[in-house]
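The values are calculated or read from the model by the stated rules, or taken from the named source; none is laboratory data. Because the structure is a prediction, the values reported are computed rather than measured. Cβ coordinates were reconstructed from backbone atoms using ideal geometry, including for glycine residues, and neighbour counts include every protein chain displayed. For accessibility, only protein heavy atoms count, side chains too; no ligands or nucleic acids. Shrake-Rupley method; radii C 1.70, N 1.55, O 1.52, S 1.80 Å.
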Amino acid sequence: MPDPSSPRVALLGFSIECNKFAPVATKAHFLARTYLEGDASVEDARSATPRMLPETPGFIAAMDASGAWTPVGVALAMTEPNGPVEHGFFVELLDTIERRLRAALPVDAVYICSHGAGLTTEEDDPDGVLFERVRKIVGPGVPVAATLDLHANVSERMVQSVDVFIGYRTNPHLDMRERGAEAAAAIREMLAGVKPQRTFIRLPIVPPTVTLLTAAGPYAEMIELGQRRMTSKIMNVSAMGGFAFADTSECGLSVVVTARRDKQAAEALAREIAELGWANRTRFYPRLTSLDEAVAKALAVGRNASLPALAFADVADNPGGGGRGNTIFLLRAFHEGGVEHALLGVFYDPDLAAEAHRRGVGTRFEAEFNRSETTRFSEPYTAPAAVVALTDGNCVGRRGIYSGLRLELGPCAALRVGGVTVVVISHRVQCADPIFFEMMGLDIGRARSVVVKSRGHFRGGFDEFFGAEQIVEVDLPGLTSPMLNRFTWTRLPRPVIPLDEGVEWRPVRPG
């Protein structure tokens, strides 16, 4: 039996959200964001400004606070959402994790930091493959806890390979650290003898991402019901929204309930939450604002200072869902429509940022956006611009999902294009933190319109400037458009809401 007062706990992870329609993610993307082996992962997690997302730091802090233990760093690979991961790199990572984990045996428990919506160029369920590999290495008796993004596409293999399955409960994802701490508490309980039981239900609903906010709406109500029904019998309730753009057979709204011992209690609660989701199925349809209406709104607030300022979300070009962060539809419409006092960020264009740095602050030139086109949505656009600020892109996140994280955006430039000031970056991220404007010396509070290339996480960073009633989600083309009927799907389970008519579902005994 392990000594619950001083266990050896292996730490590892693979975290990326993959959009099937986006370009392939390579090893270089992970190396540029977060790739750590051995003790380096523990050191980063304990640093004041880690590179990794907060789940593992939260897990380690909670373990530190709850008693003696020995962290055993294995490997962690994490990067911004992108296309499918190059399969050769995933195999390399699996081999690294297996080699390091076997070398560390025996361990008393394992913590896995995962996303759950990964893909590779050859595998639709790499997270499940990883979970299964870990279970095979450590055996059936070693506790394994995993934290996952609430956009995870849950597979039976994932659920069956771990003991405790813990999904985020907030969107924007402001509870990542807390979920890591919850995983630590679960590990402590299992080491003390608890044998969790899990159950899993998937609904024939593939929700557009804009319908998965947790402040209000049908998805929020599912999460709230799960938390309200928590008892001493239940260890965790995870309502998982899924990620449609992975286009896999595992896509869909799902519920995973972990009981401390009583599987029947888990099954009853999972069924109740799933039935609520199904009852609200007609609410999982997006409601967006047309581009013409968005321009009209921006013109109005620009001309009338008594109106509240507005944030315009370019939800179809969200780097947080695999978008390239470089479509020009809003920029072109605002510039050519005469919108004033506007900010737009962050626009991914390394070539343009480099040119601005060569030219220097104060210069005027013809800015060529997207001279190196990356997708069919990344159209070229040329407009007169002035360089108003330059930075090296090194910053620390201030609010929301990037709060306290060390970020490296590469050479960045603020370009004034008519009445719109555009922040151009060299390393692709979504505009989820005010620091991306503030590091350029731009005052968000003085802007009348702020365009963010983000789907929802900007709400957790910009909430000090914009309430929910000041946010406009714009209907545009892009790799992350919530209008799912604009994509060609090959692997989604069909029929599903919101794509098909006559979809049926009846409660069944959970898995």
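Structural remarks
- In the range 472-495, the residues that are among the charged types (D, E, K, R) and either part of a loop (DSSP other than H, G, I, E, B) or under 14 Å from P207 (Cα atoms) (or both): D475, R491, R494
- Flag for G418 being open to solvent by less than 10 Å² (accessible area, probe 1.4 Å), modelled with pLDDT of 95 or more, touching an Asp or Glu at 6+ places or on another chain (Cβ under 9 Å) and on the phi > 0 side of the Ramachandran plot: no
Residue by residue, here is whether (1) in contact with a Phe, Trp or Tyr (Cβ under 9 Å, 6 or more places away or on another chain); (2) open to solvent by 60 Å² or more (accessible area, probe 1.4 Å); (3) without any contact (Cβ under 8 Å) to a residue 40 or more places away in the chain holds:
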| site | (1), (2), (3) |
| --- | --- |
| V396 | yes, yes, no |
| I401 | no, no, no |
| A413 | no, no, no |
| V423 | yes, no, no |
| P434 | yes, no, yes |
| M439 | no, no, no |
| R446 | no, yes, no |
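- Residue list for the range 277-307, filter: more than 30 Å from E340 (Cβ to Cβ) and open to solvent by less than 50 Å² (accessible area, probe 1.4 Å): G277, W278, N280, F284
- Failed item, numbered, when V210 is tested on (1) hydrophobic (A, V, I, L, M, F, W, C); (2) more than 28 Å from H457 (Cβ to Cβ); (3) touching an Asp or Glu at 6+ places or on another chain (Cβ under 9 Å): (2)
- Filtered residue count, the range 167-197, keeping only those that are part of a strand (DSSP E or B) and surrounded by 24 or more Cβ atoms within 10 Å (Cβ to Cβ): 1
- Those residues of the range 463-511 which are loosely packed, with under 12 Cβ neighbours inside 10 Å and closer than 27 Å to Q160 by Cα, in sequence order: T490, E504, R506, V508, R509
- Hits in the range 68-97 (condition: open to solvent by 10 Å² or more (accessible area, probe 1.4 Å) and within 14 Å of S15 (Cβ to Cβ)): T79, E80, P81
- Checked against (1) surrounded by 17 or more Cβ atoms within 10 Å (Cβ to Cβ); (2) of a type outside the set (A, V, I, L, M, F, W, C); (3) over 16 Å from G118 (Cα atoms); (4) out of contact with any Leu (no Cβ under 6 Å at 6 or more places or on another chain), S41 passes all but a single condition, namely (4).
- Cβ-Cβ under 6 Å pairs, at least 6 apart or on other chains, the range 362-380 side more than 18 Å from R416 (Cα to Cα), far side basic (K, R): T374/R324; T375/R324; S378/R324
- The set of residues in the range 300-329 that are under 19 Å from A447 (Cβ atoms) and out of contact with any helix residue (DSSP H, G or I) (no Cβ under 7 Å at 6 or more places or on another chain) comprises A300, V301, G302, R303, N304, A305, S306.
- The one condition in (1) closer than 24 Å to P84 by Cβ; (2) of a type in the set (V, I, T); (3) in contact with a Gly (Cβ under 6 Å, 6 or more places away or on another chain) that V315 fails to fulfil: (3)
- Just one of the numbered conditions (1) of a type outside the set (A, V, I, L, M, F, W, C); (2) farther than 20 Å from L119 by Cα; (3) more than 18 Å from the chain's Cα centre (by Cα) is not true of G88: (2).
- Selection count where residues are outside any loop (DSSP other than H, G, I, E, B) and either within 25 Å of R179 (Cα to Cα) or small (G, A, S) (or both), scope the range 102-127: 10
- Of all residue pairs spaced 6 or more apart or on separate chains, those with beta-carbon atoms under 7 Å, a first member in the range 265-277 that is in a helix (DSSP H, G or I) and a second member that is acidic (D, E) are L276/E221.
- Qualifying residues in the range 139-166 (those that are in contact (Cβ under 8 Å) with a residue 60 or more places away in the chain and assigned to a helix (DSSP H, G or I)) - the one nearest to the chain's Cα centre (by Cα): V159
- Within the range 220-251, the set of residues being outside any strand (DSSP E or B), under 16 Å from the mean Cα position of the chain (by Cα) and among the small types (G, A, S) comprises G241, G242, A244, A246.
- For the range 150-166, the tally of residues that are charged (D, E, K, R) and either open to solvent by less than 10 Å² (accessible area, probe 1.4 Å) or under 12 Å from F59 (Cα atoms) (or both) stands at 0.
- Any chance L130 is in contact (Cβ under 8 Å) with a residue 24 or more places away in the chain, assigned to a helix (DSSP H, G or I) and either crowded, with 20+ Cβ neighbours inside 10 Å or on the phi > 0 side of the Ramachandran plot (or both): yes
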